[in-house]
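To keep things clear, I will list the structure first and then write my remarks on it.
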Amino acid sequence: MEREQSLILEVNNLKKTYRNGVEAVKGIDIHLDSQEVCALLGPNGAGKTTTLKSILDLVNYEGEIKVFGKPVREVKDRISFVPEEKLFYENMDVNQSLKVLNKILTNFDNTKAEELIKYFDLPRNKKIAGFSSGMKTSAYLSFAFAQNVDLYILDEPTWGLDPIKRDDVLEMIRQLVIEGKSVLYTSHIIPEVQKIADRMYIMHKGKIHYSGSIDELKEKYKVFYMTGDVYDELGDESFYTVVKEQNKISVISNDQNQWNRLSKINEIEVDNCDLEKFFQIIIRGGLNSGVFSNSMKER
């Protein structure tokens with residue numbers, strides 16, 4: 001009951017197939033609690049942007065999505081969005097954009113927008129279409145963070161920023177949560193997620209392959225390294241995922257009984273599983289079918 005009261009976003013069995021037959025999202029579940037930073041972590045093409053567009057009702061989809069317990073169209077005034085494709089303000093400069101935003105939004109804080117524009121050192125009279133990638137990101141963040149809403153949905157919000165500005169933006173995101181807001185954002189940068197995410201969903205090829213905190217990941221998984229010969233001798237042992245690179249095999253296991261068995265084999269090296277190792281092995285291994293057996297020699 002307590003979780004239901006704090007639930008900001010609920011996505012159940014979300015699927016999206018485009019007209020060309022591409023399955024961008026394959027039946028995923030996502031939950032975001034109040035005052036939480038939730039990261040969708042994955043490589044390009046993982047389905048992250050399509051997921052955000054579905055949540056915002058910008059594309060047709062299958063599944064159920066509720067924001068603040070309602071269809072998103074009923075609560076759009078409580079959401080601020082930074083898109084991946086920064087096209088909306090292209091034909092305007094910063095001054096023109098501010099005029100439009102002040103007219104169409106009742107929750108827009110022009111003073112805060114001015115502070116952010118000054119911080120990012122954005123030119124006032126140059127068309128946004130002529131901005132660099134980092135400047136476009138800065139402009140959209142300025143407009144988004146100046147909106148007093150309950151949920152911020154940010155698609156790659158540090159794209160093109162220099163390291164100092166990137167760290168500052170991450171701190172701004174954390175400050176939103178301190179102020180009582182909630183944030184869902186996408187990233188393919190592991191250190192960012194490690195720095196600010198309370199919860200993460202690792203997404204690859206349209207599926208969620210891990211959900212939880214970084215600490216939970218470390219508790220649930222271990223990595224085992226072995227040669228191809230040792231791997232072949234394990235018979236039909238099944239693992240969470242497997243990566244074969246030449247004669248080196250990297251295996252992720254979430255089975256504690258399996259940990260005990262493998263740890264007793266001298267030729268196998270065991271290591272704790274941090275986010276970077278987990279992410280690299282998941283992406284390299286593909287994890288197309290969930291659990292792999294070492295009898296799958298083509299892997």
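The values are calculated or read from the model by the stated rules, or taken from the named source; none is laboratory data. All of these numbers come straight from a predicted model, not from anything done at the bench. Methodologically, a virtual Cβ is constructed for each residue, glycine included, from the backbone with ideal geometry; neighbour enumeration extends over all protein chains shown. Note: areas computed on protein heavy atoms with side chains; ligands, DNA, RNA excluded. Shrake-Rupley method; radii C 1.70, N 1.55, O 1.52, S 1.80 Å.
Can you give the % of DSSP beta bridges in the chain that are antiparallel, to the nearest 5? Percent antiparallel among DSSP bridges in the chain is about 65.
Would you work out the charge dipole size for the chain about its Cα centre, treating the Cβ of every Lys and Arg as +1 and the Cβ of every Asp and Glu as -1, and quote it to the nearest 20 debye?
My answer is approximately 1000 debye.
Kindly flag which residue pairs out of LYS127/LYS165; LYS103/LYS126; LYS26/LYS112; LYS195/LYS264; LYS53/LYS103 have an alpha-carbon separation exceeding 32 Å in this structure.
On the way: LYS127/LYS165 22 Å; LYS103/LYS126 21 Å; LYS26/LYS112 39 Å; LYS195/LYS264 35 Å; LYS53/LYS103 25 Å.
Going by Cα-Cα distance, LYS26/LYS112; LYS195/LYS264 fall outside the 32 Å limit.
Assuming charge only on the beta carbon of Lys and Arg (+1) and of Asp and Glu (-1), the dipole of the range 144-224 about its Cα centre is about 420 debye to the nearest 20.
In the chain, a dipole from Cβ-located charges (positive for Lys and Arg, negative for Asp and Glu) runs towards its positive end, and of ALA113, ASN44, PRO123 it is PRO123 whose Cα lies farthest in that direction. Among MET203, ASN254, VAL223, which residue has its Cα furthest toward the positive end of the charge dipole of the chain, with +1 on Lys/Arg Cβ and -1 on Asp/Glu Cβ? It is MET203, whose Cα lies furthest towards the positive end. Based on the convex hull around the alpha carbon atoms, the chain presents an average projected area of 17.9 nm².
Each residue of the range 119-127 is assigned a 3J(HN,Hα), and the resulting list reads 4, 7, 6, 8, x, 7, 10, 9, 4 Hz, derived from the Karplus form 6.51 cos²θ - 1.76 cosθ + 1.60 (θ = phi - 60°), x at Gly and Pro. So, in Å, what gap is there between the alpha-carbon centers of the range 208-241 and the range 134-155? The distance from the Cα centre of the range 208-241 to that of the range 134-155 comes to 38 Å. For the range 30-155, the share of accessible area belonging to carbon and sulfur comes to 45 percent (1.4 Å probe, ligands and nucleic acids excluded). Peptide packing: for 82-88, 279-285, the average count of neighbouring Cβ atoms within 10 Å per residue gives the ranking 279-285, 82-88, highest mean first.
Using only side-chain charges placed at the Cβ, +1 for Lys and Arg and -1 for Asp and Glu, the dipole size of the range 50-173 relative to its Cα centre rounds to 440 debye.
The angle between the Cα long axis of helix 94-104 and the main principal axis of the chain comes to about 90°, on a 0 to 90 degree scale.
Return one quarter of the surface area of the convex hull spanned by the alpha-carbon atoms of the range 18-130, equal to its mean projected area, in nm². If you can, show how the numbers build up before the last one.
Values: hull surface 37.5 nm².
Result: 9.4 nm².
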